[in-house]
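The values are calculated or read from the model by the stated rules, or taken from the named source; none is laboratory data. Computed from a prediction, not measured in an experiment: that's the story for all the values here. Positions of Cβ are generated from backbone atoms using ideal geometry, with glycine treated the same way; all protein chains shown enter the neighbour counts.
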C-alpha cells in the first residue's frame, strides 16, 4: 500500500481524532475505570487495593442511607421535572400570540437557562433566609426553609425547576411554532372555542417535543449538584442528599472511592433504563 | 353574540343602522383589545415571577447592609450604593477569577466548535469503515452522566499532576456529543453534491470546511458558541474538585469564598454573584436569536 | 343553508394597502358561487372575511339577515376547506371528519352515521383509521372535503381545494364536487384561480381583479358577454385574441382595419360603433380562438403566419402572428398547414367583441 492510498483511507479518521481522543481519555476510559473501581476497595489515593467483587454494591443495597438518597432523588426529580415543564409550558403558551413587547418577555422566560446553579443557589439562600429573606416577608411566614427537613428538599427542587424552566420555554416555543397555523383557523371555523383549540390541538401538537423535553429534563434533574452543595450540603440530616451529592461526599470527603464508583455505575444504569423505557413508551404513546 | 342586527334593521333608516353597526364594532374591538391587554398583564406578572430572584439579587447588591437587616419589606434599596461591589472585589481576587473563566470558557467554546465540526464533517461527507458504529458510540455517550466518570477523571488528572492548571479545566471539555450531533444534523441538510462539486473543482477537504461549510453553518456555530460558553462559564463540580488556588479558580468557585451568612457579607456576596451573572446573561441575550435558530432549525425536533 | 350579502365591503391592511375594494354582492341560498381571478386579486381574502379569519375594514357582511362583521369565526356556523387541507395531523381520518361535529356536541351515534355516509360518498371508508401522514394528496383532499360535508353549516367555504392535485384527479373531483352540491343543496362559496373549475362548477361566477369585482354572472353570460377586456381575456382557454384595430367608414359599411386585414362589422356592431362615436378611432377587437373558421366570405378573411401547431386530436391549435400581434386559432383537424406557411382564416363576425381603448369596457355589452 503506497502512501497516497494510505492517506486517502486514513483521511476520514483524521478528522475524528480530536473529538475521539478527548472522548477516549475523559469519557470511555474513566467510564470503564469507574466500573473497575466499583469492584475494589481503594486506598485514600483512589488506588484499587483489594478485589471485592460485588461487595460494594451489596453494601449499598443494604445501606439505608443509599436508599434514602435514591428516594430523595426520585422525589426531587418528580418535583423538578413537573414544575419546570409546567413553567416552561405556561410561558410558551403566553408567548404564542404576538403582542407588543413579546421579545422582552420571551427573553425573560428563557433567561434562567443562562444562570449557574451555584450562583442561583446563593441568591435563593438569601431569599429563603428565615429573618431577612423575601419569601418569608412576602408570605408572612417565619419558616426556616433550608434547615427544616420538611422544606429543604422542596426548596432545592423548586430552585432547580426555576433554572431548568428557561430551556423548557425554548423547547415548547419551538414546538408551538411547529404547529401549522391553518389547523387553528380550520378549528375556529369548525366552531371550536379557544379552550377546545388548546386541548384538542395545542397539547397533542406539542406531544413530540413534550416527550423529548421530558427525557432531557429527567436526565438533567438527576445530575443536579451545585445547588445542593451551596444551599444545603445534603442536609439537614440527609434530607437533600441527592445521589450525585452522595457520590461526591463518599469520594472526596470519606475517600470511599470504591463505593462512590459503585453509586456512579448505579446512577448510570438508572438513567439508561429510564431513557430506554421512555423511548419504548414513545413508540406507543405519542401521537403522530 | 350579544347584539344581533337582523335584516329587519336593513329596512330601518340608514343612520340608525350605522349607529348600531358602530357600537357593535366598538364592542368587539374593545373585547379584543381587552383580551390583548389581559395577555400583556398576565405576561408581566409571569415574567416578574420568573425574574424575581434576579431582580431581588440586583436590588440587594445595591443595598447597604444596614438596610438589608430588617424585618420590614425592603424590595428596593433606599440609598443605593456601589460599596458592596467594591468590597467584593477587595475581599477576593474577582478580576482574576473572571479572567480565568473567560479564558477557560473561550477555549472550551473554540475547541468544541472545532473538534465537533471536524468530526461531524467526516460523519456526513466522508465514507469510511465503521462510520455508523462510531456514530452510535458517540450518541450513546450522551447517556453517560458526567458524574459517572468524574471520580476516575479526577484520579486520572491527579495522576498526571495536572491539578490546579488550565489544562485540567479545559482539555476534558474539548468535545461534546451534542455538538457533533448538532453539526451533523446541519450538514445533513446540505446535498452531498455540494461537497462533490467542490471536490471536482479541486477543493481540498480542509478548504471545503473553511470556505464553504463554516460560512454556511454560521447559525449552528452561533448557537453552539452561546450554549457552550454559558455552560462552561457556569461549570461548578469539576472546577470545584480540581482547582485549589486563587490563581486557577473560576468565578463559580471563587464566588463561593464570599459565601457565609454573617451580616456584613450577604450583600457583598450577592454583589459578587450579580457581577458574575452579568457576562453569561449578556452572552445569552446577545446570542439568544442565534441559539434558537441554530438549535431548533431541524436539529431538535422530537 | 343561508344567503349572504356584502354591502360596500373593503379590506385595507394597516400599511394602507387595499386588497378588497367596495365589494357588493348578494349570494342566494343554494348557490354554487365561484370567486375567480389571478393570484393577489383578493378572492381568498374575501373568503377569509366571510369565515371571520380576517377583519372587515369597512362595509357590512350579512349572513341570513344578521350582521356578521364582528362575529368570531366559531360563532358563524360555517365550514371551510383550506388550500393546504389543514388536517389535524394527530387525529385519524375518522376523528378529523368528526371534529367539527364533536365541538358542536352532536351525539356519538349521529357522528358515526354522518361520517360513515360522507366517507361513502367520497370513497374513503377504508381510510378511516389512518393518520393524515399516511394519505396521498388526493386522499387528504377528500378527507378535507369530508370533514366539511359531515356538517350542515350555513355555507361551505372552499379555498382552492383542488389546486394541489394532479390534472386527472382534479377533473374527477370536479365532477364529484358538482354532485355533492346537488345532493346537499348547499350554499357553496368557492375560490379558484382556475377558470376551467370556475366554468364547470359554478352556478354563478364572480371575476375579481385587484380587489374589485369585474363581473358577477352565470358562466355562460361571463363567456358570451364579458363586461370588459380583463374578463374576456381571463375566462376561456386558450384565451381570447386581442388586436388593436381602426374603426373606419368605407361607403355604407363600417370596417375594422389592422394591417392589410379588413373586416366588415355586422349590423349591431356598426350601429353601436357609429352611435358611440368610435368611427375614426382605435378599439380592441377580441376574437376567441374557436370563432375562426376554415371557410367563409371574403370580407371576413384574415391572413396570419403560422409559427406552431398543437395537435389535440379533435382539433388543432395554430399559434402565429398577425402584424406582430400574437394569435391563436382553433380549427378542425383536417386543416393542413405547417409552421412558416401563411394561413387564411375567416372570422365569425357575429361573435366578435369590441373594447374601448382607454376604459377597456365592452362596447357591445348587452
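I'm trying to understand the selection: among the residues of segment A:12-30, which are facing chain B (nearest Cβ under 7 Å) and either touching a residue at least 24 places away in the same chain (Cβ under 8 Å) or within 24 Å of residue B:209 (Cβ to Cβ) (or both)? Break it down into steps so the answer makes sense when it comes.
Pass one, segment A:12-30, residues facing chain B (nearest Cβ under 7 Å): A:12-13, A:15-16, A:18-19, A:22-23, A:26-27, A:30.
Scanning segment A:12-30 gives A:12, A:13, A:15, A:16, A:18, A:19, A:22, A:23.
So, residue C:86, is that one closer than 23 Å to residue C:160 by Cβ, over 22 Å from the mean Cα position of the chain (by Cα) and crowded, with 21+ Cβ neighbours inside 10 Å or not? Answer is yes for this residue.
Looking at this structure, is residue C:319 closer than 14 Å to residue C:242 by Cα and surrounded by 12 or more Cβ atoms within 10 Å (Cβ to Cβ)?
Values: closer than 14 Å to residue C:242 by Cα: yes; surrounded by 12 or more Cβ atoms within 10 Å (Cβ to Cβ): yes.
In short, yes.
Can you list residue pairs whose Cβ atoms sit under 6 Å apart, with the first residue in segment B:150-176 being more than 9 Å from every other protein chain (Cβ to nearest Cβ) and the second being outside any helix (DSSP H, G or I)? Count only pairs 6 or more apart in sequence or on different chains. Between residues of segment B:150-176 that are more than 9 Å from every other protein chain (Cβ to nearest Cβ) and residues that are outside any helix (DSSP H, G or I), the close pairs are B:164/B:243; B:164/B:244; B:164/B:245; B:164/B:248; B:168/B:162.
Among the residues of segment A:97-117, is there at least one that is part of a loop (DSSP other than H, G, I, E, B) and closer than 30 Å to residue A:274 by Cα? So far as segment A:97-117 goes, yes, one or more of its residues are part of a loop (DSSP other than H, G, I, E, B) and closer than 30 Å to residue A:274 by Cα. In the set (1) surrounded by 15 or more Cβ atoms within 10 Å (Cβ to Cβ); (2) within 30 Å of residue B:273 (Cα to Cα); (3) more than 10 Å from every other protein chain (Cβ to nearest Cβ), residue A:55 fails one condition alone, (2).
Considering segment C:64-79 alone, what residues qualify as being facing chain B (nearest Cβ under 7 Å) and assigned to a strand (DSSP E or B)? Steps first, answer last, please.
At the first step, the residues of segment C:64-79 found to be facing chain B (nearest Cβ under 7 Å) are C:65-67, C:69-71, C:75.
Listed by number, the residues that qualify are C:66, C:67.
The residues of segment A:70-84 that are surrounded by fewer than 24 Cβ atoms within 10 Å (Cβ to Cβ) and within 14 Å of another protein chain (Cβ to nearest Cβ), listed by number, are A:73, A:77, A:83. Taken together, the residues in segment A:188-206 that are assigned to a helix (DSSP H, G or I) and at the interface with another protein chain (Cβ under 7 Å from one of its Cβ atoms) amount to 6. Yes or no: segment C:201-209 includes at least one residue that is surrounded by fewer than 19 Cβ atoms within 10 Å (Cβ to Cβ) and over 30 Å from residue C:13 (Cα atoms). Looking for residues that are surrounded by fewer than 19 Cβ atoms within 10 Å (Cβ to Cβ) and over 30 Å from residue C:13 (Cα atoms), one finds at least one in segment C:201-209, hence yes. Every condition in (1) within 10 Å of another protein chain (Cβ to nearest Cβ); (2) at negative phi is met by residue C:52 except one, and the failing one is (2). Residue B:269: assigned to a helix (DSSP H, G or I), more than 11 Å from chain A (Cβ to nearest Cβ) and surrounded by 23 or more Cβ atoms within 10 Å (Cβ to Cβ), yes or no? Spelling it out, it is not the case that residue B:269 is assigned to a helix (DSSP H, G or I), more than 11 Å from chain A (Cβ to nearest Cβ) and surrounded by 23 or more Cβ atoms within 10 Å (Cβ to Cβ). Among the conditions (1) surrounded by fewer than 18 Cβ atoms within 10 Å (Cβ to Cβ); (2) modelled with pLDDT of 85 or more; (3) farther than 21 Å from residue B:175 by Cα; (4) touching a helix residue (DSSP H, G or I) at 6+ places or on another chain (Cβ under 8 Å), the only one that residue B:214 does not satisfy is (3).
Scanning segment C:126-141 for residues that are within 20 Å of residue C:162 (Cα to Cα) and either free of Cβ contacts under 8 Å to residues at least 12 places away in the same chain or not in a helix (DSSP H, G or I) (or both) gives C:134, C:135, C:136. Scanning segment C:142-169 for residues that are in a helix (DSSP H, G or I), out of contact with any helix residue (DSSP H, G or I) (no Cβ under 6 Å at 6 or more places or on another chain) and either at pLDDT 85 or above or within 12 Å of residue C:81 (Cβ to Cβ) (or both) turns up C:142, C:144, C:145, C:148. Screening residue B:275 against (1) surrounded by fewer than 16 Cβ atoms within 10 Å (Cβ to Cβ); (2) in contact (Cβ under 8 Å) with a residue 12 or more places away in the chain leaves a single unmet condition, (1). Every condition in (1) surrounded by fewer than 23 Cβ atoms within 10 Å (Cβ to Cβ); (2) touching a residue at least 12 places away in the same chain (Cβ under 8 Å) is met by residue C:96 except one, and the failing one is (1).
One line per residue, one yes/no per condition, for (1) surrounded by 20 or more Cβ atoms within 10 Å (Cβ to Cβ); (2) in contact (Cβ under 8 Å) with a residue 24 or more places away in the chain:
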{"site": "C:218", "(1), (2)": "no, no"}
{"site": "C:252", "(1), (2)": "no, no"}
{"site": "C:257", "(1), (2)": "no, no"}
{"site": "C:263", "(1), (2)": "yes, yes"}
{"site": "C:282", "(1), (2)": "no, yes"}
{"site": "C:289", "(1), (2)": "yes, yes"}
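Among the conditions (1) modelled with pLDDT of 85 or more; (2) closer than 25 Å to residue A:216 by Cβ; (3) within 7 Å of chain A (Cβ to nearest Cβ), the only one that residue B:122 does not satisfy is (2).
Would you confirm whether or not segment B:47-64 contains a residue that is touching a helix residue (DSSP H, G or I) at 6+ places or on another chain (Cβ under 6 Å) and either within 14 Å of chain C (Cβ to nearest Cβ) or over 30 Å from residue B:265 (Cβ atoms) (or both)? Within segment B:47-64, one or more residues are touching a helix residue (DSSP H, G or I) at 6+ places or on another chain (Cβ under 6 Å) and either within 14 Å of chain C (Cβ to nearest Cβ) or over 30 Å from residue B:265 (Cβ atoms) (or both).
Name the residues in segment B:131-141 that are within 25 Å of residue B:198 (Cβ to Cβ) and either more than 9 Å from chain A (Cβ to nearest Cβ) or outside any helix (DSSP H, G or I) (or both), would you? Reasoning before the result, please.
Pass one, segment B:131-141, residues within 25 Å of residue B:198 (Cβ to Cβ): B:131-132, B:134-135.
Correct list: B:132, B:135.
Of all the residues in segment A:126-143, those that are crowded, with 21+ Cβ neighbours inside 10 Å and facing chain B (nearest Cβ under 7 Å) number 2.
You will find that of B:201, B:262, the residue that is modelled with pLDDT of 85 or more, surrounded by fewer than 20 Cβ atoms within 10 Å (Cβ to Cβ) and more than 27 Å from the chain's Cα centre (by Cα) is B:201 and no other. Here is the figure for segment B:233-252: residues that are within 12 Å of another protein chain (Cβ to nearest Cβ) and either surrounded by fewer than 24 Cβ atoms within 10 Å (Cβ to Cβ) or outside any helix (DSSP H, G or I) (or both) total 10.
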